[in-house]
Amino acid sequence: MSESALTIAETRQGPACVVALTGRIDSSNASTLLTSLATLIAAGEKAIVVDFAAIVYLTSAAFRALLVASDQAEKNGARLALCGVAGQVRELFEMGGLLKAFNIHASREDACTQLG
């Protein structure tokens, strides 16, 4: 995997669609993340958990993609939650003042339970 690569894997956990991310999210691939989330929302998914456990770094482009997806989810009656936001990634959310902008859970299981 190249240093700027982002891998997106979708699975189901109960009623939630889990979007597991691996790698980095930056301006070269944030649109791919947004497209993936927008496609799920447009397809009628009502509970989406974005798992950041394997994300090593993200930029403001990632925050923009998440904010747009969160707005789209809200407009479509869907709920978007994040999990696995820890370490340096959590610090970036905190520095950006975005911890309260998203529904963030400690674990994937907790997020899926809360959305289910």
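Only the coordinates and a few stated rules stand behind these numbers; no lab work does. Keep in mind it's a predicted model, so treat the numbers as computed, not measured. Backbone-built Cβ (ideal geometry, glycine too); neighbour counts: all protein chains shown.
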**Request:** Could you grab the relative contact order for the chain? Cα pairs under 8 Å, six or more apart, rounded to a whole percent.
**Result:** 27 percent
**Fill in**
extent check for the chain: Cα max minus min per principal axis, descending, whole Å, gives 33, 25, 24
**Item:** Interchain or long-range residues, amide H under 5 Å from residue 103's placed H
**Value:** 82
**Request:** Using amide H atoms built 1.01 Å from N in the peptide plane, name the residues 5+ places from residue 47, or on other chains, whose amide H lies under 5 Å from its own.
**Result:** 17, 79
**Request:** Report the calculated FRET efficiency for residue 64 and residue 106 (r = Cβ-Cβ distance, R0 = 22 Å), to the nearest 0.05.
**Result:** 0.35
